[in-house]
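Colleague: Below is the structure I would like to discuss, written out as structure tokens.
The values are calculated or read from the model by the stated rules, or taken from the named source; none is laboratory data. This is a predicted model, so every value here is computed, not measured. Cβ coordinates were reconstructed from backbone atoms using ideal geometry, including for glycine residues, and neighbour counts include every protein chain displayed. These accessible areas exclude ligands, DNA and RNA; they are computed on the full protein's heavy atoms, side chains included. Shrake-Rupley method; radii C 1.70, N 1.55, O 1.52, S 1.80 Å.
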Amino acid sequence: HMGDADYKAYLAVVPGAQLASIYDRWGSRLLEQNVRVFRQARGGVNKGIRNTIDNDPDMFFAYNNGITATAEGITTRESADGLLLTGLKNLQIVNGGQTTASIHAAMRRNADLSKVFVQMKLSIVPPEKAIDIVPKISEFANSQNRVNAADFFANHPFHVRLEEFSRRIFAPSPDGTFRESKWFYERARGQYQDARGLLTVAQRKKFDLEYPKSQLISKTDLAKYLNVWRGHPDIVSKGAQKNFAHFADWNRREWATQPDSYNEVFFRHAVAKALIFRATEEIVTEQSWYQGGYRANVVAYAIAKMGSDCERREEFVDFDTVWRAQGISENMGAAIALVAEAVHDVLVSPPAGISNVTEWAKQQACWARVKAIDVDWPAAWLDELIGKDHIKAGKRDGIKDQKLLNGIEAQSIVVSAGGQLWEQLSGWGQSRKLLSPTELGILRVAASVPMKIPSEKQCLKVIESLRKLRSEGCVIGADLSI
């Protein structure tokens with residue numbers, strides 16, 4: 001290992017069968033710090049791994065780059081053959097998800113793994129340093145396939161929360177039946193296919209009913225759907241990665257100031273925006289004036305123009321109605337067709353000196369010209385719009401509900417951890433004079449669990465104190481997920 005460095009490092013050889021059994025038990029939880037998850041056997045790298053396992057298993061160690069992993073703790077013992085690794089705490093494979101899942105897939109089809117061995121570079125990173133070090137290890141280690149900028153934002157709490165919503169919230173059934181489905185938010189690239197790939201045929205059929213592929217939203221798609229309503233069709237027109245980078249920068253700042261605004265209402269409205277975007281794509285394709293080409297730009301500008309004009313009128317699209325219907329109304333479809341033609345005419349008529357329509361669409365001058373268009377919106381669609389007060393009330397309710405959920409979650413963590421842990425934490429903080437009298441008082445209440453249960457508000461303060469002491473180097477409660 002590395003002597004006085006902030007972490008310990010090991011090089012290990014892992015039997016393929018053992019790695020496969022670990023993945024069989026823990027699945028994608030091993031890859032939570034990875035910037036992407038297994039992408040099935042479609043890519044050249046994955047097919048190469050499979051071919052080596054099947055045809056040259058004894059050469060696997062020589063041909064494969066191995067895996068890069070992190071853990072919070074390690075146990076070892078000496079043997080006649082050298083140092084043996086006997087246990088790891090919170091193992092995370094930050095590079096080599098494809099290798100791991102490919103070996104697991106080989107195990108599931110009963111391939112012989114007795115000659116398959118994998119090199120593992122293992123970094124033991126203390127919990128208090130993991131938030132800074134592990135993402136960098138993941139970023140710098142990933143080079144087998146091109147890694148997009150969006151991949152490195154996958155573990156931000158915003159995406160984790162949306163993923164949780166998408167696995168829990170059922171979408172209304174548009175045909176009035178009792179069969180409900182969910183929208184699958186893909187926080188990490190390849191997550192949807194990876195989830196399906198681990199299932200039996202019967203389980204896969206059930207999965208497809210619950211999460212239809214038509215209801216899959218990726219991070220880059222979400223950034224596109226949200227940015228057009230934020231009035232940035234020019235940014236969206238610059239492509240998925242540049243648009244995502246712009247969105248991520250804004251999103252980080254917004255999360256830091258008002259994380260509770262990202263709640264169930266936000267999720268439902270995000271899905272509604274996805275439904276509007278996809279409906280607009282279909283509407284544009286069906287128009288007689290559309291001769292092919294530039295559809296992505298027309299769609300982005302049409303929706304952005306709709307949102308801009310609504311905001312100027314201080315009236316807004318009723319996203320709750322779109323969510324409940326799981327689609328747009330006939331009146332909204334007519335309004336979209338109208339504005340799409342208007343923005344199309346601007347896009348295909350760039351000013352002198354600009355001949356490329358795609359490049360014209362990337363400029364703020366193009367957006368300024370589109371915003372200046374006077375659209376004669378259909379009265380029937382205008383009647384469907386809702387007022388500012390309605391929007392504000394919905395946002396307030398969403399934030400209130402999210403704060404309640406945060407409190408319930410905090411209370412669950414505090415009670416499950418037990419009073420002894422909070423007593424130890426209180427002693428650690430007090431001995432170093434890091435806690436205020438109020439913080440000490442609330443921690444003492446938590447220390448009385450289960451005889452006395454702190455309120456949800458108190459539990460939120462307990463979690464805040466834990467985070468504060470973690471930042472000062474405390475490892476008490478390091479295994480708590482907060």
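Colleague: Could you pull out every one of the helices (runs of 4 or more DSSP H) wholly within the stretch 378-482 that has 2 or more residues that are of a type in the set (Val, Ile, Thr) and modelled with pLDDT under 80?
Modeller: Per the criteria, 388-417.
Colleague: If I go through the stretch 354-377 residue by residue, how many of them are in a helix (DSSP H, G or I) and open to solvent by 80 Å² or more (accessible area, probe 1.4 Å)?
Modeller: 4
Colleague: Yes or no: residue 99 surrounded by 18 or more Cβ atoms within 10 Å (Cβ to Cβ), at pLDDT below 90, not hydrophobic (A, V, I, L, M, F, W, C) and not in a strand (DSSP E or B)?
Modeller: yes
Colleague: OK, next. Exactly one condition in (1) in a helix (DSSP H, G or I); (2) of a type in the set (Gly, Ala, Ser); (3) open to solvent by 40 Å² or more (accessible area, probe 1.4 Å) is not met by residue 308; state its number.
Modeller: For residue 308, the exception is condition (3).
Colleague: Can you pull out the residues in the stretch 6-28 that are charged (D, E, K, R), assigned to a helix (DSSP H, G or I) and either more than 24 Å from residue 57 (Cβ to Cβ) or free of Cβ contacts under 8 Å to residues at least 60 places away in the same chain (or both)?
Modeller: Result: 25, single match.
Colleague: Which residue is most open to solvent (accessible area, probe 1.4 Å), if the candidates are limited to the stretch 243-273 and must be among the aliphatic types (A, V, I, L, M) and either under 16 Å from residue 172 (Cβ atoms) or not in a helix (DSSP H, G or I) (or both)?
Modeller: That would be 265.
Colleague: Take the residues of the stretch 72-96 that are hydrophobic (A, V, I, L, M, F, W, C) and surrounded by 20 or more Cβ atoms within 10 Å (Cβ to Cβ): which is farthest from the chain's Cα centre (by Cα)?
Modeller: The qualifying residue farthest from the chain's Cα centre (by Cα) is 93.
Colleague: If only one of 238, 224, 219 is of a type in the set (D, E, K, R) and surrounded by fewer than 21 Cβ atoms within 10 Å (Cβ to Cβ), which one is it?
Modeller: 238
Colleague: Could I ask something else about it? Does the stretch 416-458 hold any residues that are among the β-branched types (Val, Ile, Thr) and open to solvent by 60 Å² or more (accessible area, probe 1.4 Å), and which are they?
Modeller: Listed by number, the residues that qualify are 438, 453.
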